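The values are calculated or read from the model by the stated rules, or taken from the named source; none is laboratory data. In this text, all values refer to a predicted model and were calculated from it rather than measured experimentally. Positions of Cβ are backbone-derived with ideal geometry, glycine not excepted, and every protein chain shown enters the neighbour counts. Remember, those area values only see protein heavy atoms, side chains included, never the ligands or the DNA or RNA. Shrake-Rupley method; radii C 1.70, N 1.55, O 1.52, S 1.80 Å.
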Amino acid sequence: MGMVMLLLLALLAFMIIGSLIAAESEDLLSAVVCVGAVGSGLAIIDLLLGAPDLAITQVVVEVLCVAILIRVVLTRRDETHETHKDTFAIATVLLVLGVLLVLGGWAMTTLHPFGQPLLASDAPGVAAQYLAGGVAEVGAVNYVMSVLLDYRAYDTLGEATVIFVSVIGSYAILRRTGRSHRAARSQEGES
Amino acid sequence: MTLTALPYLLALALMIIGLYVVVAKKNIIKIILGVAILDYAVNLFLLLLGYRDGGTAPIASPQQAASSDTLATFAAGSVDPVPQALVLTSIVIGLGCLALMVSLAIRLHEKFGTFDMTRIRELKG
């Protein structure tokens, strides 16, 4: 078992413990901080697994997430955050999730083992072609960026559309006065 | 056999925790946090799938990019760049979704004065 594997398992355990505390914490603020810790753990795992671009993005996104959530939680105190009282419903949920865990775990063991990706197998797929011809075809030495901005540029366009829509949606939900209210008020002012 | 699948299993466990929070908790902020955990777990799983033992980041140095021979040895030791590129997209989309969910939660709290799902469901208007 290599150093990377040990560190990875330790960080994964950290993430799982952090998310369990976030799930069961009585205080919303500490739950938010725990989710922030989980995201930071993910950023370190990104660095460990050779994805510096992802680590940078994850840290920036994490800071923004935690800032947004703390802003919401700090000013709005709320005392109700325990689980549903209905024990039968909770037992059913736990049973279903347990079955999901067992079936999913069985499915995971049938995947190609960790550390030997499809890229290294007999049928390497599209990634090997990108790695072989990336510099010559695109001219970028960063393969993540050449996939993101050239080979899969339409995906990135779709992503930009999704972000644009979510920003517009947040603005529409959060603005103080709706368009119809503003029109009505300006009419009142004229009369 | 089991050890090689252990990181996948832990990522799956993280995903199940997120799903549990989404289904079983009744505080809207908790549910949003559950969606965030679910998001992290799925991104992590995709990243784990692309890792190669002792792999380097898929960024070639100028010396490696100089000739096709050095580039081939680099490509034989690099991790898979495709999951990384798609997860990069997914992380940012996760932030957009979280912002949208949080703004809905703010409006609900403004209207009903609570984050409790069951009480919001009982109230009218």
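Observations on the structure shown:
- For the protein assembly as shown, the solvent-accessible area of protein heavy atoms averages 50 Å² per residue (probe radius 1.4 Å; ligands and nucleic acids excluded).
- Net charge of neighbours whose Cβ lies under 13 Å from the Cβ of A:Asn142, counting Lys and Arg as +1 and Asp and Glu as -1: -2
- Across chain A, C-alpha contacts under 8 Å between residues 6 or more apart give a mean separation that, scaled by the residue count, equals a relative contact order of 11 percent.
- The simple spin-label model puts a point 7 Å past each Cα toward its Cβ; for B:Leu108 and A:Tyr154 those points are separated by 3.6 nm.
- Span-like helix check, chain A: qualifying full DSSP H segments, with Cα axial length of 18 Å or more and mean Kyte-Doolittle of 0.5 or more, are A:3-24, A:28-48, A:52-75, A:87-109, A:153-174.
- Pairwise burial B:A, computed as accessible area of each alone minus the pair, summed, 1.4 Å, Å²: 8000
- Each Cα pair under 8 Å and six or more residues apart adds its sequence gap; the mean of these over the residue count of segment A:1-109 is a relative contact order of 21 percent.
- Note that segment B:1-71, at 20 °C in a medium of 1.002 mPa s, gets a Stokes-Einstein diffusion coefficient of 145 µm²/s from its Kirkwood radius over C-alpha pairs.
- Sulfur and carbon atoms: percent of accessible area, the protein assembly as shown [1.4 Å]: 70
- Cβ-defined net charge surrounding A:Val59, 14 Å radius [Lys, Arg +1; Asp, Glu -1]: -3
- Qualifying trypsin sites (Lys or Arg not before Pro) in segment B:1-104, where qualification requires a DSSP coil assignment and no more than 12 other C-beta atoms within 10 Å, are lacking entirely.
- Over segment A:71-161, relative contact order from alpha-carbon pairs under 8 Å, at least 6 apart, %: 9
- Shape descriptor for the protein assembly as shown: Rg over Rh equals 1.05 (Cα atoms; Rh from the Kirkwood inverse mean 1/r).
- Within chain A, longest stretch clear of exposed trypsin sites (Lys or Arg not before Pro) (DSSP loop, no more than 16 other Cβ within 10 Å): A:86-174
- Under-5 Å amide H pairs with B:Thr56, H placed in peptide plane, nonlocal only: B:Ser78, B:Val79
- Cα extents for chain B along the principal axes, largest to smallest and rounded to whole angstrom: 70, 35, 13.
- The Cα-based radius of gyration of segment A:1-78, divided by its Kirkwood radius, gives an Rg/Rh of 1.06.
- Approximate spin-label separation A:Ala123-A:Glu24, in nm, with each point projected 7 Å along Cα-to-Cβ: 4.4
- Chain B: DSSP helices with Cα axial extent of at least 18 Å and average Kyte-Doolittle hydropathy no lower than 0.5: B:2-24, B:28-49, B:81-112
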